[in-house]
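K.L.:
Please read through the structure below; I'll follow up with questions.
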Amino acid sequence: MKFETPVVAVVLASSAVVVVVVDAFQSVTPPTRRCLARPTVVVPFAGSSTTNHDNKTKKKDNDPVVSADLENSVYPDTRRSFLLWAAAAAATTTAIAAPLVTEPAHADEYDTTSTETTTDSSSSSSSSSGAVVDYKAVSADIAELIRQHPDWGPTFVRLSWHSSGTYDKASQTGGSGGGTIRFPSELAHGGNAGLAETAVPWLEPIHEKYAAAGLSYADLYTLAGVTAIRTLGGPTVGWSSGRIDQDESAVTPDGRLPNADVGKPLADPADATHLRTIFNRMGLNDQDIVALSGAHALGRCHETASGYSGPWTFTPTLFNNAYFQLLTSLEWIPKDWTGPPQYVDARTGRLMMLPTDLVLLQDKKFLKWVKVYAQDNAKFNSDFAATYQKLQELGTSGLTPTEWV
């Protein structure tokens, strides 16, 4: 069927109205009935508020305004889930207060060793000079950058993950503790393409602002990741401060981050083996691998960086379980192009998946968790938050659990 006139769906979500507009004359194909087209806007009531337990109202500081140009692609059988996602974004006080964009910057991808932490939780720490880092203020500055430039958020997540994903449990090297991803030699690693021109310089003014108080690059980069996840509508990830920057001699060899495709072109068992090799080296398991893959809800690949092209979801600056919903509900076919082998959705060709995404459907142990997260956004958020905190603390010691929001 086709919509001959615009269709507007209104959903009340906490104190906001979710207005969903489906453009006129767009084709609706029934076996995929859940994802939505263009545009989607979450509009807060004027003077919107939340109600506390004694029935008094409290003004929200960050009622979200969320929009997404979905390139005229309507997947009606995924519409219900999208409305739920939009409602969740409207209800949260942490979503961005600026329109979303459809061309976000590079955000490719993805039992641990024990991490010693102190028991006291603080929002600040002292430097050797006696100055104090106010991590709530640092996070607020990062969040403001993301509100001004929503497409920067996924790139901060990528920076944070790549600074942590170099950890090797056997040799006790790598990880986020030294902040070594700031060095040209590590930025030159294949998996870090584009970060030297984006996330690293974007965060430099914030480091300069708080350097005298003792803010390390290692703490800044990991804090940027958890701040971006929360600011883009995701869970609040536990974070600890106290990482001490190391010199360039601590940079690990290239090859510790996962590749998008190994072995034969496109997804095959070699890709599943590769993922396990990379993540098991850090001390992470199959569930961790799938949970971290859900970060592909954010961002897109760029030909100028990874060589691959396209977003994984219709809402690349909104954190949710859309990646799993779309991975399991759409038909994925090899992309007909001269670039590296990847997949596109058969309906429009506008979404993409990497071979290491599709292998999550082919491998039964991975598929188990893909199905769980596709059906339960709350569990995905909870498991992702726990795994991402674990990832960021690999190989560190002496950290202090820190209030950052």
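The values are calculated or read from the model by the stated rules, or taken from the named source; none is laboratory data. It should be emphasised that the depicted structure is a prediction, and the values quoted were computed from it without experimental measurement. With ideal geometry, Cβ positions are generated from the backbone for all residues, glycine too; neighbour counts draw on all protein chains shown. Each accessible area value is taken on the protein alone, full model and side chains, heavy atoms only, with ligands, DNA and RNA left out. Shrake-Rupley method; radii C 1.70, N 1.55, O 1.52, S 1.80 Å.
K.L.:
Quick one: count up the residues across the range 372-390 that are among the charged types (D, E, K, R) and in contact with a Ser or Thr (Cβ under 6 Å, 6 or more places away or on another chain).
P.N.:
Result for the range 372-390: 1.
K.L.:
Here's something else I'd like to know. Exactly one condition in (1) in a helix (DSSP H, G or I); (2) in contact with a Phe, Trp or Tyr (Cβ under 9 Å, 6 or more places away or on another chain) is not met by T252; state its number.
P.N.:
Failing condition for T252: (1).
K.L.:
Inside the range 320-354, can you point out the residues that are within 22 Å of F380 (Cβ to Cβ), open to solvent by 10 Å² or more (accessible area, probe 1.4 Å) and of a type outside the set (S, T, N, Q)? Even if it seems obvious, please write down each step before you answer.
P.N.:
The initial filter retains those residues of the range 320-354 that are within 22 Å of F380 (Cβ to Cβ), namely 320-330, 332, 343, 345, 351-354.
Checking which are open to solvent by 10 Å² or more (accessible area, probe 1.4 Å) leaves us with 325, 328-330, 332, 343.
L330, W332, Y343 - these are the residues of the range 320-354 that are within 22 Å of F380 (Cβ to Cβ), open to solvent by 10 Å² or more (accessible area, probe 1.4 Å) and of a type outside the set (S, T, N, Q).
K.L.:
From the list Q287, Q362, which residue is open to solvent by 30 Å² or more (accessible area, probe 1.4 Å), over 18 Å from R158 (Cβ atoms), polar (S, T, N, Q) and over 20 Å from the mean Cα position of the chain (by Cα)?
P.N.:
Only one candidate passes the filter, namely Q362.
K.L.:
Let me ask you something else. Regarding the range 198-219, can at least one residue be identified that is basic (K, R) and crowded, with 21+ Cβ neighbours inside 10 Å? First the steps, then the outcome.
P.N.:
Initial filter on the range 198-219 (basic (K, R)): 209.
Retained after the next criterion (residues that are crowded, with 21+ Cβ neighbours inside 10 Å): none.
There is no residue in the range 198-219 that is basic (K, R) and crowded, with 21+ Cβ neighbours inside 10 Å.
K.L.:
Going by the structure shown, is R300 of a type in the set (K, R), closer than 24 Å to W152 by Cα and out of contact with any Ser or Thr (no Cβ under 7 Å at 6 or more places or on another chain)?
P.N.:
Details: of a type in the set (K, R): yes; closer than 24 Å to W152 by Cα: yes; out of contact with any Ser or Thr (no Cβ under 7 Å at 6 or more places or on another chain): yes.
Yes.
K.L.:
Okay, moving on. Examine the range 179-196 for a residue that is out of contact with any helix residue (DSSP H, G or I) (no Cβ under 8 Å at 6 or more places or on another chain) and buried (at least 24 other Cβ atoms within 10 Å of the Cβ), and state whether such a residue exists.
P.N.:
No, the range 179-196 contains no residue that is out of contact with any helix residue (DSSP H, G or I) (no Cβ under 8 Å at 6 or more places or on another chain) and buried (at least 24 other Cβ atoms within 10 Å of the Cβ).
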